[in-house]
Amino acid sequence: MEPTLPTPSREGAKEITVEEGVVAAPMPGKVVSLKVNVGDSVKIGDGLCILEAMKMENEIIAQKAGVVKEIRVVEGASVKRGEPIAIIK
């Protein structure tokens, strides 16, 4: 079963399906800082990056344990909801 992001409660909103191991942005925002590097081992709940959205800083955490295989963003980058941030295998 593929993980999904929560669907907003407004009518007509679509659920975003992401691939296994992909950590996707849960909301649009700006990547303030990265907390991991490629090759780092992570556990469930470990912080991967800080995403600023609506003047609030949100920590994006690992939803599975594994090794960071790719980081698809850089500090200062803007991301859209559902855009891949990192790949954990």
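Nothing in this text is a laboratory measurement; each read-out follows from the coordinates by a stated rule. For clarity, every value in this text was computed on a predicted model and none was experimentally measured. Ideal geometry is used to build each Cβ from the backbone, glycine not excepted, and the neighbour counts take in all protein chains shown.
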*asked:* Under a crude label model (7 Å from the Cα following the beta-carbon direction), how far is residue 72 from residue 43 in nanometres?
replied: 2.7 nm
_Linear extension gain, residue 89 paired with residue 59, 0.36 nm per residue minus alpha-carbon span_ = 8.8 nm
*Could you pull out every residue, at least 5 positions away or on a different chain, whose amide H is within less than 5 Å of the one on residue 72? Hs are placed 1.01 Å off N in the peptide plane, and Pro or chain starts have none.*
86, 87
*Among the lysines, which fall within straight-line cross-link reach of residue 89, defined as a Cα-Cα distance under 21 Å, with same-chain neighbours fewer than 8 residues apart omitted?*
35, 43, 64, 69
*What is the P(r) of segment 12-89, as percent of Cα-Cα pairs per 5 Å bin from 0?*
3, 18, 29, 25, 17, 6, 2, 0
*By the scheme Lys and Arg +1, Asp and Glu -1, what is the net charge of all other residues having a beta-carbon under 10 Å from that of residue 84?*
-2
